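Let me begin by presenting the structure, written as structure tokens, before commenting on it.
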Amino acid sequence: MSEATKNLALKLILYPVTDAAKAKTFYNALLGTEPYADSPYYIGYRIGEQEIGLVPNGQKNGIPMPHGYCDVDDIKQSIKTLVDAGATLHQDVRDVGGGLLVALLKDPDGNITGLRQGKSN
């Protein structure tokens, strides 16, 4: 295991949703709690160390299916390590606010996995 990937842990799963109100009703019931974040672009739930995020209109914004995010210490080095291992870059590093950096990769079968570095790590 490389230094860049030795501490990977799946901490966030994002679900693209088309109807935020219906999705919140469902996830409130499923998770037994209200979201800690509720905005037009992100609805977030925290269950222990796990975060579940709903992304309104996610399909229109490059999130075609649910996918998980692993927290990393060095996002650029982690991308290099995973590309060397057969991944392809799907969405390059971007700051989504407050210094939180995210990127998306596809594994050799086309499954999307996210990496995030920053305030939540």
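The values are calculated or read from the model by the stated rules, or taken from the named source; none is laboratory data. As the structure is a computational prediction, the values presented were derived from the model and not from experiment. Reconstructed Cβ throughout: ideal geometry from the backbone, glycine too, with neighbour counts over all protein chains shown.
Taking the range 75-121 only, how many residues are over 16 Å from Gly62 (Cα atoms) and of a type in the set (Val, Ile, Thr)?
Residues flagged as over 16 Å from Gly62 (Cα atoms) and of a type in the set (Val, Ile, Thr) within the range 75-121 amount to 4.
Can you list the strands (runs of 3 or more DSSP E) found entirely within the range 22-121 that contain at least 2 residues being among the β-branched types (Val, Ile, Thr)?
Details: elements: 43-47, 50-56, 67-71, 88-95, 101-106, 112-117.
Strands (runs of 3 or more DSSP E) meeting the threshold: 43-47, 50-56, 88-95, 112-117.
In the range 84-95, what residues are within 18 Å of the chain's Cα centre (by Cα) and under 13 Å from Asp107 (Cβ atoms)?
Selection gives Ala87, Thr88, Leu89, His90.
Could you please find all residues in the range 11-40 being within 20 Å of Gln117 (Cα to Cα) and loosely packed, with under 14 Cβ neighbours inside 10 Å?
If the condition is that a residue be within 20 Å of Gln117 (Cα to Cα) and loosely packed, with under 14 Cβ neighbours inside 10 Å, then Ala37 is the only one that fits.
Any residue at all in the range 29-48 that's within 22 Å of Ala9 (Cα to Cα), in contact (Cβ under 8 Å) with a residue 40 or more places away in the chain, in contact with a Gly (Cβ under 9 Å, 6 or more places away or on another chain) and of a type in the set (Gly, Ala, Ser)?
Within the range 29-48, none of the residues are within 22 Å of Ala9 (Cα to Cα), in contact (Cβ under 8 Å) with a residue 40 or more places away in the chain, in contact with a Gly (Cβ under 9 Å, 6 or more places away or on another chain) and of a type in the set (Gly, Ala, Ser).
So, in the range 51-89, of the ones that are closer than 13 Å to Ile13 by Cα and of a type in the set (Val, Ile, Thr), which residue ends up modelled with the lowest pLDDT?
Restricting to residues being closer than 13 Å to Ile13 by Cα and of a type in the set (Val, Ile, Thr), the top hit is Ile63.
Step by step: first the residues of the range 64-86, then only those that are β-branched (Val, Ile, Thr), in contact with a strand residue (DSSP E or B) (Cβ under 7 Å, 6 or more places away or on another chain) and surrounded by 14 or more Cβ atoms within 10 Å (Cβ to Cβ), then the one that is farthest from Gly53 (Cα to Cα). Which residue is that?
Initial filter on the range 64-86 (β-branched (Val, Ile, Thr)): 72, 75, 79, 81, 83.
Filter again for in contact with a strand residue (DSSP E or B) (Cβ under 7 Å, 6 or more places away or on another chain), leaving 72, 75, 79, 83.
Keeping just the survivors that are surrounded by 14 or more Cβ atoms within 10 Å (Cβ to Cβ) gives 72, 75, 79.
Details: Val72: 18, Ile75: 20, Ile79: 22 Å.
Out of the qualifying residues, it is Ile79.
Would you mention how many residues in the range 87-113 are among the β-branched types (Val, Ile, Thr) and exposed (fewer than 14 other Cβ atoms within 10 Å of the Cβ)?
Qualifying residue count, the range 87-113: 2.
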